[in-house]
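The values are calculated or read from the model by the stated rules, or taken from the named source; none is laboratory data. Computed from a predicted structure; not experimentally measured. Note that each Cβ is placed from the backbone with ideal geometry, even for glycine, and that neighbours are counted across all protein chains shown.
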Amino acid sequence: MSEESLLHARAVTARRERRTRQFLLAPAIVTILAISVLPLGITVIYSFLTPGTYGGVTWEFSADAYVQFLFEEDIFDGTLAFNDAYISIFLRSIGLALGATLGALLLGFPTAYFIATKPRDQRNFWLFVITLPFWTNLLIRTYAMLLIIRDEGFVNIVLMGVGLIDRPLSILYTDTAVFIGLIYTYLPFMVLPLYASLEKLDFRLVEAAYDLYGNRWQVLRNVIVPLAKPGIVAGCILVFIPGLGAYITPELLGGGKKLMIGNMIAIQFGSSRNWPFGSAAALILMALVVIALLIYARAAGREARAHG
């Protein structure tokens, strides 16, 4: 076979392989378009339309949904005045999500370390215990937490029983209740990636650090935490992002009085019947998350190049 014929045969084979790959990838691409890109496109379009009288949208272009996020229109003269109500909801949501992320990290890190240092034949049991809450619906778990922290709940009964308090603590329907609920809900999302990193940790490095007269704090800060950083980052992302858009936890434990972004968006599509503003709020939330991830990715890239 001549060299020209060989090159032609290789080109034909490469085209066939490319078509085969495209054919095999087609179902995945169609699925991604159907469940991700298409709904996002609809949300973007709705955010630039006019709200319908009884819900839905009117197909008239308008940017009022984005203006409404920052300004309130006077019903008499039509002037705009700055309104920070929605910004405060976003800031409260970010604060609660960050607090829940930190709380989950403080609880999840020692839990994951405990599991990672157990004998291999015992780790599966402890992982089973951590993942057990996932076997129950989130709504039921949140109701269970409501029963625990209410005025007549388990926490107050125990505290009054041991004499630490004289009257029940008013935890339910506060930011504290939402904070506790978010940690309880998303703690497994922190533990599992941390365990995946700590399981691979070479504990000979820890022993070497102790041999070099490092105390526990120094070993933790300079050896264990840097090596577990991928798990810490993954866990923080997995807790912060869903915590930011949580709906059930603030709705039940906050009593509808402590709104978060998810509740605000649900209200716009429900009782307020303002679909364009609900779509705009959802897009603003998504933009904030994307910007935060891009900032982290850029910082991580600079750090990797610095150490490379």
Search region 158-170 for residues that are more than 24 Å from Gly255 (Cα to Cα) and pair each with any residue that is outside any helix (DSSP H, G or I) when their beta-carbon atoms are under 8 Å apart and the residues are at least 6 apart or on different chains. Met160/Asp166; Met160/Arg167; Met160/Pro168
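Among the listed residues Gly108, Gly153, Gly103, which satisfies the condition of being within 17 Å of Val178 (Cβ to Cβ), of a type outside the set (A, V, I, L, M, F, W, C) and within 22 Å of the chain's Cα centre (by Cα)?
Values: Gly108 fails: within 17 Å of Val178 (Cβ to Cβ); Gly153 fails: within 22 Å of the chain's Cα centre (by Cα).
The match here is Gly103.
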Of all residues being modelled with pLDDT under 90 and among the hydroxyl-bearing types (Ser, Thr, Tyr) in region 194-226, which is surrounded by the most Cβ atoms within 10 Å (Cβ to Cβ)? Just the residue, please. Tyr210
Ser36 - would you say it is under 30 Å from Gln268 (Cβ atoms), under 26 Å from the mean Cα position of the chain (by Cα) and modelled with pLDDT of 85 or more? no
Looking for something more than 27 Å from Leu91 (Cβ to Cβ), at pLDDT 90 or above and of a type in the set (Val, Ile, Thr) - is there at least one such residue anywhere in region 184-193? yes
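Identify, please: which residue in region 55-72 is farther than 14 Å from Pro276 by Cβ and more than 27 Å from the chain's Cα centre (by Cα) and is, among those, surrounded by the fewest Cβ atoms within 10 Å (Cβ to Cβ)?
Initial filter on region 55-72 (farther than 14 Å from Pro276 by Cβ): 70-72.
After this cut, where a residue has to be more than 27 Å from the chain's Cα centre (by Cα) as well, the list is 71-72.
On the way: Phe71: 13, Glu72: 15.
This residue is Phe71.
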Among the listed residues Lys229, Lys258, identify the single one that is under 24 Å from Phe189 (Cβ atoms), surrounded by fewer than 16 Cβ atoms within 10 Å (Cβ to Cβ) and of a type in the set (Lys, Arg). Lys229
Apart from one, (1) within 23 Å of the chain's Cα centre (by Cα); (2) farther than 16 Å from Ser93 by Cα; (3) surrounded by 20 or more Cβ atoms within 10 Å (Cβ to Cβ); (4) not hydrophobic (A, V, I, L, M, F, W, C) all hold for Arg298; the odd one out is (3)
In region 73-161, which helices (runs of 4 or more DSSP H) lie fully inside it and hold 1 or more residues that are in contact with a Gly (Cβ under 9 Å, 6 or more places away or on another chain) and surrounded by fewer than 17 Cβ atoms within 10 Å (Cβ to Cβ)? 85-116, 138-149
List every residue pair whose Cβ atoms lie under 7 Å apart, where the two residues are 6 or more positions apart in sequence or sit on different chains, the first residue falls within region 140-156 and is of a type in the set (D, E, K, R), and the second residue, located anywhere, is surrounded by fewer than 16 Cβ atoms within 10 Å (Cβ to Cβ) and not in a loop (DSSP other than H, G, I, E, B). Arg141/Pro133
Determine which single condition Lys258 fails, assuming it passes every other condition in (1) out of contact with any Asp or Glu (no Cβ under 6 Å at 6 or more places or on another chain); (2) touching a residue at least 12 places away in the same chain (Cβ under 8 Å). (1)
